[in-house]
1. Before we move on, is Val204 buried (at least 19 other Cβ atoms within 10 Å of the Cβ) and over 23 Å from Val68 (Cβ atoms)?
2. Filter the range 187-201 for residues that are closer than 22 Å to Gly126 by Cβ and loosely packed, with under 14 Cβ neighbours inside 10 Å and give the result.
3. Please work out if Glu97 is among the charged types (D, E, K, R), closer than 25 Å to Glu220 by Cα and either at pLDDT below 95 or surrounded by fewer than 16 Cβ atoms within 10 Å (Cβ to Cβ) (or both).
4. Scan Ser145, Ser159, Ser135 and give me the residue that is hydroxyl-bearing (Ser, Thr, Tyr) and more than 30 Å from Arg18 (Cα to Cα).
5. Within the range 101-125, how many residues turn out to be closer than 17 Å to Ile232 by Cα and either in contact (Cβ under 8 Å) with a residue 40 or more places away in the chain or assigned by TED's automatic domain parsing to the domain that holds Ile184 (or both)?
6. Report every pair of residues separated by at least 6 positions or lying on different chains whose Cβ atoms are under 8 Å apart, first residue within the range 149-163 and within 16 Å of His185 (Cα to Cα), second small (Gly, Ala, Ser) and assigned to a loop (DSSP other than H, G, I, E, B).
7. Would you check which residues across the range 50-80 are among the charged types (D, E, K, R) and surrounded by fewer than 15 Cβ atoms within 10 Å (Cβ to Cβ) and list them?
8. Note down all Cβ pairs under 6 Å where the first residue falls in the range 47-67 and is over 13 Å from Val6 (Cα atoms), the second is modelled with pLDDT under 90 and small (Gly, Ala, Ser), and they're at least six residues apart or on different chains.
Amino acid sequence: MAMERVQKVLARCGVASRRASEQLIEAGRVKVNGQVVTTLGVKVDPAVDRIEVDGRPIRPLPTKVYYVLYKPTGVISSCRDPEGRVTVLDLLHGVKERVYPVGRLDYDSEGLVFLTNDGETAQILGHPRYQVRKSYLVEVQGFPSEKDIARLRRGIKLSDGWTAPAHVEVVQRLQDTTILTLDIHEGRNRQIRRMCDAIGHPVVFLKRFRIGPLDLEGLEPGQFRRLRPQEIKELLAFTARAKEAFPRRK
């Protein structure tokens with residue numbers, strides 16, 4: 001029997017990312033052979049055991065798929081929203097596979113969202129342990145000083161702890177605002193906005209334009225595309241290197 005942890009099976013079958021699958025288990029939404037499972041260490045044989053999420057049996061996905069979406073502002077970067085707002089999945093017209101977004105992008109921000117049913121790739125791109133760089137174009141109020149920029153580069157103390165050092169460059173100073181590029185590998189809630197608030201220069205525009213090897217080439221807000229074979233090859237090579245550089249602790 002090929003025994004695997006339940007959350008790994010859920011991620012591999014495209015239900016959700018590894019971390020999101022763990023949350024489903026802890027919330028009591030997963031059953032194995034009719035019994036609710038709330039322990040993360042439980043192992044199953046997906047070829048034999050019946051696994052259900054919210055009462056629906058999961059089935060192995062025959063093909064892994066990868067999409068990039070240019071999320072407009074006013075769209076939720078999750079699979080569903082209790083308030084009934086538009087989600088990134090609502091924009092994937094004609095996509096038949098069950099995919100899910102990796103990481104988060106604020107409701108009032110725009111830019112690149114990656115969606116897939118490949119649990120392992122999602123885990124590597126989304127988990128801060130693997131230090132995948134995410135690049136943003138940021139317009140802030142006023143004119144940050146060199147001291148302000150240095151604080152961002154060193155790390156900012158937020159309510160949930162210190163941020164990791166960021167790569168920051170000043171692109172242009174306009175009449176009342178400054179345009180920056182800012183690279184981070186974390187994904188805390190509204191992190192960049194909170195970092196800029198902390199130096200006294202609130203964000204007025206925020207666009208994510210790159211995640212690791214992925215970019216927004218050829219896309220306008222609201223558009224998406226499936227990765228080309230060469231892009232998939234490069235993505236999987238990138239995640240393989242990240243996995244080797246930052247192995248999971250046993």
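The values are calculated or read from the model by the stated rules, or taken from the named source; none is laboratory data. Given the structure is predicted, the values throughout are model-derived calculations rather than measurements. As a convention, Cβ positions derive from the backbone with ideal geometry for all residues, glycine included, and neighbour counts pool all protein chains shown.
1. For Val204, the condition - buried (at least 19 other Cβ atoms within 10 Å of the Cβ) and over 23 Å from Val68 (Cβ atoms) - is not met.
2. Answer for the range 187-201, where residues must be closer than 22 Å to Gly126 by Cβ and loosely packed, with under 14 Cβ neighbours inside 10 Å: just Asn189.
3. Criteria met by Glu97.
4. Ser145
5. 15
6. Final answer for the pair search is Leu152/Ala166; Arg153/Ala166; Gly155/Ala164; Gly155/Ala166; Trp162/Gly155; Thr163/Gly155.
7. Matches in the range 50-80: Arg50, Asp54, Arg56, Arg59, Arg80.
8. Listed pairs, sorted by first residue: Leu61/Gly14.
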